[in-house]
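Worksheet for the structure shown next.
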Amino acid sequence: MEEVLPPQTQEGAGFEFTRIRQFTVFLENRVGRLRGMLDALEEDAGMIVALCIEESADAALVRVICSSPEKGHHRLQAAGFSISESEILAVELPQKSRHPWIAVCSALLAAEINIHYAYPLLLPPRGPAIALYVDDPTLAAQLLIRKGFTLLGESDLK
């Protein structure tokens with residue numbers, strides 16, 4: 001008997017990877033260095049979907065998600081920034097829930113999945129969403145989908 005796939009998954013149509021790319025940019029603590037990075041990314045149109053800065057005495061790590069990861073990667077490299085790339089989950093916060101952060105955390109806690117860091121995404125008009133870096137992104141994605149959460153893919157960032 002031939003297995004029939006749902007229409008959205010036939011021949012790969014409608015399927016999108018449930019993780020998005022995040023760049024971590026190393027910045028020396030010098031006047032104007034962050035502005036230079038922002039200028040490189042926002043050159044022709046707004047590319048930044050999320051930004052998180054972690055500062056220390058000598059340097060800062062800037063986590064950034066771009067609406068076009070390929071362009072963002074190219075622009076950062078062309079501008080001479082030291083970057084690394086990682087995959088994170090982007091989860092829409094349920095608007096019907098009174099405590100959407102608690103709902104996400106509770107779902108992951110049930111499977112003992114640690115959240116290493118989280119920060120908000122700016123995705124108008126979709127609504128509030130968060131970026132999550134977790135221990136096991138594959139298991140976390142499967143669990144969140146089963147619990148009714150909506151995960152965003154890179155095409156949702158455009």
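The values are calculated or read from the model by the stated rules, or taken from the named source; none is laboratory data. These figures come from a predicted structure and were not determined experimentally. A quick note on method: Cβ atoms are made from the backbone with ideal geometry, for glycine too, and the neighbour counts reach across all protein chains shown. Only protein heavy atoms, including side chains, enter the accessible area calculation; ligands, DNA and RNA are left aside. Shrake-Rupley method; radii C 1.70, N 1.55, O 1.52, S 1.80 Å.
Structure summary
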| item | result |
| --- | --- |
| Hull volume in cubic angstrom per residue (convex hull over the Cα atoms of the chain) | 155 |
| Kirkwood Rh, angstrom, the stretch 41-117 [1 / mean 1/r, Cα pairs] | 15.2 |
| Surface share of carbon and sulfur [accessible, 1.4 angstrom probe, percent] for the chain | 54 |
| For the chain, calculated [θ]222 nm from helices alone, where every DSSP H run of n ≥ 4 adds -39500 (n - 2.57) | -7500 deg cm²/dmol |
| Lysines with Cα under 17 Å of Lys96, excluding same-chain neighbours fewer than 8 positions away | Lys147 |
| The chain, relative contact order in percent, only Cα pairs under 8 angstrom and at least six apart counted | 27 |
| Gained length - Phe26 relative to Arg98, 0.36 nm times residue gap less alpha-carbon distance | 22.2 nm |
| Gained length - Arg33 relative to Phe17, 0.36 nm times residue gap less alpha-carbon distance | 2.5 nm |
| Neighbourhood charge, 10 Å Cβ-Cβ cut-off, centred on Pro69 and excluding it, Lys, Arg +1 and Asp, Glu -1 | -1 |
| Mean accessible surface per residue for the chain, computed with a 1.4 Å probe while every protein chain stays in place, in Å² | 60 |
| Cα gyration tensor shape for the stretch 80-155, rounded if a/c is under 1.5, else prolate or oblate | oblate |
